[in-house]
Amino acid sequence: MAAGSCLLLLLLPSLVTASHSTPGCKIRITSKGLDLVKQEGLRFVEQELQNITVSDLHGNEGQFHYNISQVKVTDLQLAFSDLKFQPQQHLVFNINNASISLRFRRQLLYWFFYDIGSINASADGVHIYTVLQLAKDEAGRLKISNMTCSASIARMHAGFSGTLRKVYEFLSTFIVTGMRFLLSQQICPSLEHASLVLLNSLLDTVPVRNYVDEHIGIDYSLLRDPSISTDTLDLDFKGMFFPRVREDQELENHAVEPVIKETERMVYVAFSEYFFDSAMHSYFQAGVLTIELQGEKVPKDLEVLLRATFFGTIFMLSPSVDAPLQLVLQVSAPPRCTIKPSGTSVSVSAFLNISLVPPDRPPVQLSSMAMETKLSAKVFLQGKALRVQLDLRRYGWGSMGTWGESPPHPTHNCFFVSRFRIYSKQSALESLALFSLQAPLKTLLQLTIMPIINERTKKGVQIPLPEGMDFTREAVTNHAGYLTVGADLHFSKGLREVIEKYRPVPTAAAYSSSRPAEPSLDPSSL
């Protein structure tokens, strides 16, 4: 018994870790963001209710035979509506005192008298109460997993015209009561289809596991069900990049978990050091962190300096004195990201091999040196793309003084100190001889290598938001071990536009079977 208890205590930390994986990315939607979603959602609900299909109403009362068909919603007034968070996993959408205007076709046969016309009706005091449950599906995608709905109509009025108007007014109570029942029975099924089918198709546009470029991909799967309070909805994403050559590779997350406390903006996105480390680790695993410059691609001033520095070695290779130079820069270990309140930096270790490349002969190595540098990183959003721009230059302003560079964009995030040094892998004496190359090689990195790297990362990576929703007025804030981006939201496309874009095209058979039948004009069919 004691041995079992000890074993349980030893396993407890690993069980806790397994049950709560640390996210690399977090998103918080606040009540202000929900208000914007409500405005767009209300337009969507109006469109769905306008497409309600009400079954035909037909029957007889003694010698009266009637048929009510072609019911169409002509107008909606949803003035009093509310969308709010409900702990722990729910959204509540409530509509009060709405009105729905209808128009439908009537047919009446009384003995030998036949009448046909239209009826205008209005349903007032419409109350709709829906609760949407949000959850993570098997693929790690946010979904509406369940919906409860209740709908009621307080009053319904109808206006009649035609030769038998008095008869219809006499039977209005029966007809209106039937239409009121049929209409109220169609509201919730319509909204259920809109939520569980159409809105879930919109959530399918959120990237979960997709490719960033030809080398790496990103895993945005949810780690757990969303956490909802009265004011916020929090989503924990894996936020891990992977190399496409080894898509099943997992990088353990030992970084600090991001913490979002703010609620002033519509949305907040947080990224830990793990998010950026996994990207650089994946590029390293993909074998693309190598750059080669040869011949005319080597800056002329640097070439002259290198030939002077290695004059003795080159002189010994008399047949190859005029051979072109080759510089190969290869990262030796996955770069590491460091996020501090003062800014963000990326530490890189690399080898620089300098060689002569005689025609039709193997390259002749002149030197192999190690390089260590700490790059400043500017993190910013453009649309829904998170981008990082690396730099060797130093930035500073305010109380830290001006270092010759204008301050970056206020939504950027910068590190104030960049470091660069080279040393020989052979001897300390050669390291001293290479000291004169430090400044020129740093200039080479800044003017030649850094533009190549930044061009590769120019596209950025998409943040997991549905299609048609973008960020505006972004602001980046650094913390110890993670950074947050606060922003407002903007709908560049309507919900209906995105849903229609991805709606499956119905087949001809399905279309004909679901299309309401035209009413008969033959009195004998009544």
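The values are calculated or read from the model by the stated rules, or taken from the named source; none is laboratory data. These figures come from a predicted structure and were not determined experimentally. Every residue, glycine as well, gets a Cβ built from its backbone with ideal geometry; the counts of neighbours run over all protein chains shown. The area values use the complete protein model at the heavy-atom level, side chains included, leaving out ligands, DNA and RNA. Shrake-Rupley method; radii C 1.70, N 1.55, O 1.52, S 1.80 Å.
Quick one: putting +1 on the C-beta of Lys and Arg, -1 on the C-beta of Asp and Glu, what dipole do you get for segment 31-204 around its Cα centre, in Debye to the nearest 20?
200 debye
Could you pull out the pairs from LYS261/LYS458; LYS26/LYS493; LYS297/LYS442; LYS72/LYS143 whose alpha carbons sit more than 26 Å apart here?
In this structure, LYS261/LYS458; LYS72/LYS143 exceed 26 Å between Cα atoms.
Once you put a point 7 Å from the Cα of LYS297 and another 7 Å from the Cα of LYS459, both along the Cβ direction, what distance in nm separates them?
Taking the two extended label points, one gets 2.0 nm.
I need the trypsin sites (Lys or Arg not before Pro) found in segment 175-262, filtered to DSSP loop residues with at most 13 other beta carbons within 10 Å of theirs.
LYS261
Roughly speaking, what is the stretch gain from VAL197 to HIS157, that is 0.36 nm per residue apart minus the C-alpha to C-alpha distance, in nm to one decimal?
The span from VAL197 to HIS157 would gain 11.1 nm if fully extended.
Please report the spacing between the Cα centers of segment 92-162 and segment 199-260 in Å, no decimals.
That distance is 39 Å.
Pop a pseudo-label 7 angstrom from the Cα along the beta-carbon direction at both ALA139 and VAL364 and give the gap in nm to one decimal.
5.9 nm
Hey, can you find the accessible area per residue of segment 31-204 for me, probe 1.4 Å, expressed in square angstrom?
Per residue, segment 31-204 has an accessible area of 49 Å².
Assuming R0 = 60 Å, what is the FRET efficiency of TYR502 and LYS340, from their Cβ-Cβ distance, to the nearest 0.05?
The pair TYR502/LYS340 has a calculated efficiency of 0.90.
Please state the relative contact order of segment 31-204 as a whole percent: Cα pairs under 8 Å, 6+ residues apart?
Relative contact order for segment 31-204 comes out at 19 percent.
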